[in-house]
Amino acid sequence: MLLAIPDVLTAEQVLRARQIFENAEWVDGRVTAGHQSVRAKNNMQLPEGSPAAREVGAVVLAALEQNPLFISAALPARVFPPLFNRYQGGQLFGTHVDNAIRQVTGTTHRIRTDLSATLFFTGPEEYDGGELVVEDTYGTHQVKLPAGHMILYPATSLHHVRPVTRGARIASFFWIQSMIRDDGQRTLLFDLDVAIQRINSERADHPVSVQLTGVYHNLLRRWADV
Ligand code: NI
């Protein structure tokens, strides 16, 4: 499932983050690339664990904890500390697949990357190119969202970022280990949750809502690793 999550950050949070980015030191993005992706990657990154990455990363994580759409779609068990990248002057990231397991630098924590996320800090009007292109079983999807919005997609998919030919594209990227490893099962739970919420919003006391909520939780109990 490919899902756009609008307004993860407010305009003020985006603005504040961009001020921090402007004063931060950026390094070659190949520092976090795996074996196979190192040849495909050409961008800049904030160093992992740098003060700027930590400060904005904490804002992103706090926003996600309060975002019902993110929680419902990702069913997160663990979220990798957000990383930040910048593409400009023709920079791109060729077709690759994200590493299945990521170790959080400086810790013994490991995350299985079930979902990948890209949160945009620059708007589509500020740069040309820079589309995130995701290939899944339903075809190829091009993604370029307003600042503050985020795309969530299965980390199993091949993807690339097209060259940025004007302006700069700044984004945060990170991974989520979900309580539900399988994308198909996770998508079913999300669809069921959306349907239950729709019933609740149309008629709060509908008796079928309790039954369906029971089904939701029993599927979650059956499938979840916590
Ligand atoms: Ni990637």
Taking Cα atoms only, helix 51-65 is inclined relative to the longest principal axis of the chain by an angle, in degrees rounded to 10, of 20 degrees
Honestly the range 103-183 on the Cα gyration tensor test (a ≥ b ≥ c root eigenvalues; a/c under 1.5 rounded, otherwise a/b vs b/c for prolate or oblate) is just oblate
With every protein chain kept in place and a 1.4 Å probe, the range 10-52 has an accessible area per residue in Å² of 60 Å²
Sorted by chain and then number, the residues having a modelled amide H within less than 5 Å of the amide H of L158, at least 5 places away or on another chain, are E135
Within the range 78-146, DSSP-loop chymotrypsin sites (Phe, Trp or Tyr not before Pro) with at most 15 other C-beta atoms within 10 Å are Y138
Phi-derived 3J(HN,Hα) across the range 118-128 with the Karplus relation (6.51, -1.76, 1.60, θ = phi - 60°), rounded Hz, x for Gly and Pro, is 10, 10, 8, 10, 10, x, x, 6, 8, 8, 9
Taking protein heavy atoms only, a 1.4 Å probe, and rounding to whole percent, the accessible area of the chain owed to carbon and sulfur comes out at 54 percent
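Which shape class, rounded, prolate or oblate, goes with the range 26-175 when its Cα gyration tensor gives a ≥ b ≥ c as root eigenvalues, a/c under 1.5 marks rounded, and past that a/b bigger than b/c marks prolate?
Details: a/c = 1.24, a/b = 1.19, b/c = 1.04.
It comes out rounded by the Cα gyration axes.
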For the R181, E12 Cβ pair and Förster radius 30 Å, calculated FRET efficiency rounded to 0.05 is 0.25
If one builds a Gaussian network model of the chain from Cα atoms under 10 Å apart, the most fluctuating residue listed among N23, N67, N42 is N23
The alpha-carbon center of the range 1-65 and that of the range 183-226 are separated, in whole Å, by 33 Å
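The values are calculated or read from the model by the stated rules, or taken from the named source; none is laboratory data. No experiment lies behind these values; they were computed from the predicted model shown. So basically every Cβ, Gly included, is an ideal-geometry build from the backbone, and we count neighbours across all protein chains shown. These accessible areas exclude ligands, DNA and RNA; they are computed on the full protein's heavy atoms, side chains included. Shrake-Rupley method; radii C 1.70, N 1.55, O 1.52, S 1.80 Å.
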